[in-house]
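What follows is a short report on a single structure.
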Amino acid sequence: MQSRFFKFIFALLFALFINAAAFCAPINPVVKAIDNTELGRNSVVSIAVRDLKTDDTVFSRRPNIFLNPASSLKVFTMASALDSLGEKYHFETILYIDDDKNVYLKLGADPLLTSSDLDTLAKSLKQAYGGRIKNFYIDDTIIDKVPYPDGWTVDDYWPNAPKISPYIVDGNIVSVNFSISKNGKGVEIFQNNDYRFSFINELEIGAVTNIIPSLNYGETSGIVSLTGTVSKDIVKDFPVLDTARFFTVKLRKALDDNGISYSKPFYQKRVPDNAKRIASFRRPIKEVLLYVLKTSNNFATEVTFKVAGGSWFDKVKAAENASDTLKNVKKGSFEAAKLMFFEYYKNAGLKTDKINLKDASGVSRYNTLSTSWMSEALVFLDKNSTIKNYMITSGEGTLSRRMRDLTGNLKAKTGTIFGVSSLTGYLKSLNGADYAFSIIIQNFGERASVVKGLEDDIVNGIYFLE
């Protein structure tokens, strides 16, 4: 009797051992990567890996916790924007003229528009119409003028981020030169731009450079106090405070340089229906998306999201005759873009009731996604979107120094804010399998480089899955 019992126990343990080995073998590389660091015990590590072909989850660790995705969010907001605008969309800055020789500039909220582009547009205007312009109007209705998304904290505001605005040129940033005076007793400020700040200079010479700007009398006053120290000559970039004034300064220079005669000042007015289109500057959405997902630029992301929300707004309004869907929602606003985002993923069959979306770029602390949802969305996007084409591989952008041995096999988006690191994307494994993966590590006290190292180890573990 005892012999039979021991034989049964042995057979049971052997079977459990074989099954456990068969189950654990594929995930050992990932588990090992986590277990080799204290982060797995001292932080929240959430991972979800899905097979693109079968949609099966091949590995997960706390996948259903809703955490902050940081800039990994950009993949999903830009995918919804791309769906609304379409692959052939162009950010277009257009010039019109009416029968009374009034010219209208319709802003296209091109996040990459430069002074050189305005000069090109002015040359086109000169060629199309060489006479004197009676009045010059600017139509700025493409997006609203709310400068920062809800959920951005004071540390995210000026001077860390340009204001989101329909008035965009040169990234809405100017460079200011700081120099040690010739007598070595003070710090001098030089502004080589037609748009100028009114600086209250309280800078001192010091062993290190630490320039601390603060606004006086509100954000539109243009008065900025500068305290801190300067150790050597340096050039520092500052986002402009008045985006409309900055834009018109650049526009006026482009018109003047091309000998275009016009009445001053510029006025704000919608383009009338009878105005004739005479020139434009066009930028393909592909160029903008490549820039956004390579550099993780928050400003360009938020602008693009609002533009896409405006396009979606028009479509819904036309289809539903301004139903309750658009009640209290303004075209070109974050609220419209947010509705676009949720509709897109609901139509994809993904549950969105627990998602919290406060911005498009991942800066807000109040954004929440789960890695399970993110990986599921990636599977959908792989089959129904081209957003993957705009994501970076190893050796590019924010992955320039990471996982270079996976170049060509990896398409991903990084994310980093204080205490949060994320990585999401697609990976072709050593055995040829295609995976969608999402990683969020939150509430860590270590250096970001240590956390990024763990992410790299996890991705390498996925690469060796059998």
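Straightening the chain between residue 280 and residue 87 buys 67.6 nm, computed as 0.36 nm per residue apart minus the Cα-Cα spacing.
Counting only the Cα atoms, the stretch 202-335 fills a convex hull of 225 Å³ per residue. With Cβ to Cβ distances under 12 Å as the rule, what net charge do the other residues near residue 431 carry (K, R +1; D, E -1)? That sum, taken over residues with Cβ under 12 Å, equals -2.
The distance between label points at residue 207 and residue 173 comes to 3.0 nm (points 7 Å beyond Cα on the Cα→Cβ vector). Over the Cα atoms of the chain, Rg to Rh with Kirkwood Rh, two decimal places? Reported Rg/Rh (Cα atoms, Kirkwood Rh): 1.07. Entry note, the chain: relative contact order of 26 percent, from Cα contacts under 8 Å with a spacing of 6+ residues.
When the Cα gyration tensor is reduced to axis lengths a ≥ b ≥ c, the ratio a/c is 1.5 or higher for the stretch 238-282, and with a/b above b/c it is classed as prolate.
Here each label is just a point 7 Å from Cα along the line to Cβ, and for residue 185 and residue 261 those points are 5.3 nm apart.
What percentage of the solvent-accessible surface of the chain, computed with a 1.4 Å probe over protein heavy atoms, is contributed by carbon and sulfur atoms? Here carbon and sulfur together make up 51 percent of the probe-accessible area. If R0 is taken as 56 Å, the Cβ-Cβ distance between residue 405 and residue 270 corresponds to a FRET efficiency of 0.55.
Reported to the nearest whole Å, the Cα centre-to-centre distance from the stretch 171-230 to the stretch 280-351 is 37. Judged by the mean number of other Cβ atoms found within 10 Å, the most tightly packed of the peptides 298-311, 55-68 leads the ranking 298-311, 55-68. Between the Cα long axis of helix 334-347 and the first principal axis of the chain there is an angle of about 30°, rounded to the nearest 10. Cross-link partners for residue 236 among the aspartates and glutamates, with Cα-Cα distance under 20 Å and sequence neighbours closer than 8 places in the same chain left out: 155, 156, 170, 188, 194, 202, 204, 219.
Each semi-axis of the equivalent ellipsoid for the stretch 306-352 is √(5λ) with λ an eigenvalue of the Cα gyration tensor; in descending order they amount to 17, 12, 9 Å. Highest average first, the peptides 119-132, 257-270, 423-436, 238-251 ordered by how many other beta carbon atoms sit within 10 Å of their residues are 238-251, 423-436, 119-132, 257-270. From largest to smallest, the equivalent ellipsoid semi-axes obtained for the stretch 342-425 from the alpha-carbon gyration tensor read 24, 18, 10 Å.
The residues packed around residue 333, meaning those with a beta-carbon under 12 Å from its beta-carbon, carry a net charge of +1 if Lys and Arg are +1 and Asp and Glu are -1.
Checking the cross-link pairs 106/250; 126/306; 88/126 against a 21 Å limit on the alpha carbon distance flags 126/306; 88/126 as lying beyond it.
Looking at the chain, the accessible area is 48 square angstrom per residue; that uses a 1.4 Å probe and ignores ligands, DNA and RNA. For the stretch 132-226, the normalised intensity computed at q = 0.11, 0.23 Å⁻¹ comes to -0.47, -1.37 (log10 of I(q)/I(0), Debye sum over alpha carbons, equal scatterers, no solvent).
The values are calculated or read from the model by the stated rules, or taken from the named source; none is laboratory data. None of the values given here were measured: they were computed from a predicted structure. Cβ atoms come from the backbone with ideal geometry, glycine included; neighbour counts cover every protein chain shown. Ligands, DNA and RNA are excluded from the accessible area calculation, which covers all protein heavy atoms including side chains. Shrake-Rupley method; radii C 1.70, N 1.55, O 1.52, S 1.80 Å.
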